[in-house]
Structure formats: C-alpha cells, structure tokens
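Colleague: This is the structure I want to talk about, given as structure tokens.
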Amino acid sequence: MTTLKFADTHNMVAFLSKPAESDGFEQIVDFLNAQPIRYALKVNPTIYISCIEQFWSTGVVKTINREVQLHALVDGKKIIISEASVRRDLKLEDEEGIDCLPNSTIFEQLALMGYDKISQKLTFYKPFFSPQWKFLIHTILQRLSSKTTAWNEFSSTIASANICLATNQKFNFSKYD
C-alpha cells in the first residue's frame with residue numbers, strides 16, 4: 001500500500017461568513033448557507049493520521065444485502081461506511097439528486113452564468129467567470145475535488161454540481177467521485 005499524502009490546503013473548510021471584505025459576494029454566501037450542502041462545506045472534524053492508517057490497513061469492501069460497504073477496525077472499534085451513512089452523516093439528503101447533467105445543458109447553463117469560452121471540451125476554467133461565480137466554483141472544488149493542483153479547471157461533474165446549486169436542483173453529492 002502506498003503512503004497517503006495530504007496537502008495542507010486541500011479540502012479546507014469553507015469560509016461562509018460575511019466580513020466587510022466580502023462586498024459583492026453576499027448573495028452567494030447567503031445562497032451557500034441556505035443549501036443542504038452547507039454542513040458538508042463547514043464541518044471540520046479532527047481526524048488523526050493514526051486513525052486513517054488503521055482504517056486503510058484493515059479496510060475491506062463487503063457487499064451485504066446488495067449494498068456495498070467499507071468495513072474497517074479503528075482503535076478496536078468496527079467502522080462500517082455505506083453510501084447511506086455518507087449521505088446521512090453529511091446531511092446531504094441527495095439520494096434522488098442529479099449525478100451529472102447532459103452536456104448540452106451544461107453548455108447552455110454555463111453560458112447563462114456568463115462563461116464566455118464555450119467549446120465542446122468538457123473541461124472548464126474558473127478565470128472565464130465573474131468573481132462571484134469563481135468563488136462558488138472554488139468553494140466546491142476545494143471541498144470536494146481530489147485534485148491538489150490545477151485549481152483553475154474543473155470537470156463536467158463539478159459544473160453540474162454548481163449548475164444544480166445555482167438553479168435549485170438537487171445534485172447527488174453522495175455519488176460524486
């Protein structure tokens with residue numbers, strides 16, 4: 001097994017309060033604070049490296065009653081993680097949500113959001129948005145993306161998540177990979 005490496009600024013807790021320096025961003029901060037994803041953006045549990053190491057060294061995948069689960073032993077305690085437990089613990093309530101929007105919808109909605117470099121590529125770039133949209137996209141990327149570099153680009157899945165948030169549609173964050 002390879003050694004896990006962590007980036008200090010990866011998956012940071014989102015800053016969703018409104019200091020005086022947030023002029024122009026109040027609407028997006030209010031919007032994010034009103035969404036079910038708020039909890040997942042703001043929760044900041046203490047996670048010890050030893051617990052992560054124990055989890056991955058003992059973890060196995062099991063299918064029980066057609067449900068895929070991760071089973072591990074951490075500090076002598078049996079840990080079971082399932083899709084339902086992720087959805088419940090992060091308070092996502094997104095089981096019926098959209099996994100990914102059709103490409104045509106993504107292109108159409110991004111154009112409505114002011115994205116001015118529409119092409120047929122499914123990689124999108126933050127610099128082509130207004131500062132407010134960049135903030136929303138960056139917040140989602142920092143919290144959910146596995147990337148540690150290239151924070152200026154994002155996939156059709158992240159585009160779908162942002163579009164769903166902006167259009168008040170439910171996105172299935174539990175199935176995001």
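The values are calculated or read from the model by the stated rules, or taken from the named source; none is laboratory data. Note that the structure is predicted; figures quoted are calculated from it, not measured. In this analysis, Cβ positions are derived from the backbone assuming ideal geometry, glycine residues included, and neighbour counts consider all displayed protein chains.
Colleague: Since ASN152 meets every condition but one in (1) of a type in the set (S, T, N, Q); (2) surrounded by fewer than 18 Cβ atoms within 10 Å (Cβ to Cβ); (3) at pLDDT 80 or above, which condition does it not meet?
Modeller: Status for ASN152: all satisfied but (3).
Colleague: When the residues of the stretch 70-123 are filtered to those that are more than 18 Å from PHE154 (Cα to Cα) and acidic (Asp, Glu), which remaining residue is surrounded by the most Cβ atoms within 10 Å (Cβ to Cβ)?
Modeller: So, considering only residues that are more than 18 Å from PHE154 (Cα to Cα) and acidic (Asp, Glu), the one surrounded by the most Cβ atoms within 10 Å (Cβ to Cβ) is ASP94.
Colleague: Go through the residues of the stretch 114-127 one by one and say whether even a single one is on the phi < 0 side of the Ramachandran plot, part of a helix (DSSP H, G or I) and among the hydrophobic types (A, V, I, L, M, F, W, C).
Modeller: Taking every residue of the stretch 114-127 in turn, none turns out to be on the phi < 0 side of the Ramachandran plot, part of a helix (DSSP H, G or I) and among the hydrophobic types (A, V, I, L, M, F, W, C).
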